[in-house]
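S.K.: Quick one: the structure is below, and I'll ask about it shortly.
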Amino acid sequence: MSVSTVLLDLDDTICAHPGSPEARLADAFGRAGVEPFFDVADVRPWLARVTAETELELRERCFGGIADELGRDRADALAVARAYEDPDPEAVGFLPGAEAALGALGANYDLALVTNGGRETQTAKLAALGIADRFEATTFAEPGRPVKPDPDPFDRTLATMGVSASEAVHVGNSLRSDVAGAQAAGVEAVWLSTADEPVAVTSEHTINSMGELRTPPWT
């Protein structure tokens, strides 16, 4: 395979916020006055199952769906969703090895971003990191359009870049969204292994740190 283009996820692949989602969710339960009845691991599968135009709407649909499945009061889930405080999009930092990996990859490949985050929030993160100009194409979550793991975001990105699926690889931290989505679009996947996910998906390549991409596993 002759790779000319590398697609990358953003959140928890290139960058992350200080503090953990687990801590923010626990705080939201506390502010809402609701006894915790789900955790971050329960939310992740829902992120690939619902679409929304805002972060709040996304949380309401995910948390509400979990409540419905568990037979819990949906009003409690919505209260937690509204009490959840999104971190400042500009308060992000590179994951270990990610900045160097972008530099190394950019010297040899065309780069594109494929993220399930909204345009405004993700643009703020890219600006804070100083990497907006590293990508020749950026595909965000858009109202009314499918998100990863649907192949649509990958198909749109490939079309913008003018390359075929066989000429690209995608790097991301989620087996469910990044790996399954890339493979659905015919793109080989590189999984940044940060946590196990209960899905029967296997990536073509696995890395444990973004720093490993300085010597890409597909070459």
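The values are calculated or read from the model by the stated rules, or taken from the named source; none is laboratory data. Keep in mind it's a predicted model, so treat the numbers as computed, not measured. In this analysis, Cβ positions are derived from the backbone assuming ideal geometry, glycine residues included, and neighbour counts consider all displayed protein chains.
S.K.: Might you check whether a residue that is outside the structural domain of residue 174 (by TED's automatic domain parsing), of a type in the set (Lys, Arg), surrounded by 14 or more Cβ atoms within 10 Å (Cβ to Cβ) and modelled with pLDDT of 95 or more occurs anywhere in region 63-81?
M.R.: Yes, region 63-81 has at least one match.
S.K.: Does at least one position in region 41-51 carry a residue that is under 19 Å from residue 178 (Cα atoms), among the basic types (Lys, Arg) and not assigned by TED's automatic domain parsing to the domain that holds residue 117?
M.R.: Keep residues of region 41-51 that are under 19 Å from residue 178 (Cα atoms), which gives 41-51.
Checking which are among the basic types (Lys, Arg) leaves us with 44, 49.
Okay, now just the ones that are also not assigned by TED's automatic domain parsing to the domain that holds residue 117, so 44, 49.
The answer is yes, given that some residue of region 41-51 is under 19 Å from residue 178 (Cα atoms), among the basic types (Lys, Arg) and not assigned by TED's automatic domain parsing to the domain that holds residue 117.
S.K.: Now for a separate question. Of the conditions (1) touching a Leu at 6+ places or on another chain (Cβ under 6 Å); (2) closer than 15 Å to residue 77 by Cβ; (3) among the hydrophobic types (A, V, I, L, M, F, W, C), residue 6 fails just one. Which one is it?
M.R.: Just one mismatch for residue 6, condition (2).
S.K.: Let me ask something else. Tell me whether region 20-33 contains one or more residues that are modelled with pLDDT of 90 or more and in a loop (DSSP other than H, G, I, E, B).
M.R.: yes
S.K.: Another question about this same structure. Just wondering, is there one or more residues in region 31-54 that are free of Cβ contacts under 8 Å to residues at least 24 places away in the same chain, among the β-branched types (Val, Ile, Thr) and over 30 Å from residue 212 (Cβ atoms)? Break it down stepwise before answering.
M.R.: Within region 31-54, the subset free of Cβ contacts under 8 Å to residues at least 24 places away in the same chain is 35-36, 39-41, 43, 46, 49-50, 52.
Of the ones still in play, those that are also among the β-branched types (Val, Ile, Thr) are 40, 43, 50.
Keeping just the survivors that are over 30 Å from residue 212 (Cβ atoms) gives 50.
Yes; the residues of region 31-54 include at least one that is free of Cβ contacts under 8 Å to residues at least 24 places away in the same chain, among the β-branched types (Val, Ile, Thr) and over 30 Å from residue 212 (Cβ atoms).
S.K.: Still on this model: Would you kindly identify the strands (runs of 3 or more DSSP E) lying entirely within region 109-219 that contain at least 1 residues that are among the hydrophobic types (A, V, I, L, M, F, W, C) and over 23 Å from residue 51 (Cβ atoms)?
M.R.: In region 109-219, 110-118, 168-172, 188-192, 205-207 are the strands (runs of 3 or more DSSP E) which contain 1 or more residues that are among the hydrophobic types (A, V, I, L, M, F, W, C) and over 23 Å from residue 51 (Cβ atoms).
S.K.: Let me ask something additional. Among the residues of region 34-62, how many are assigned to a loop (DSSP other than H, G, I, E, B) and at pLDDT below 95?
M.R.: 8
S.K.: Also, I was wondering about something else. The conditions are (1) part of a strand (DSSP E or B); (2) over 18 Å from residue 140 (Cβ atoms), and residue 7 fails exactly one of them. Which is it?
M.R.: (2)
S.K.: May I ask you to list the residues in region 49-76 that are in contact with a helix residue (DSSP H, G or I) (Cβ under 7 Å, 6 or more places away or on another chain), among the aliphatic types (A, V, I, L, M) and under 20 Å from residue 20 (Cα atoms)?
M.R.: 56
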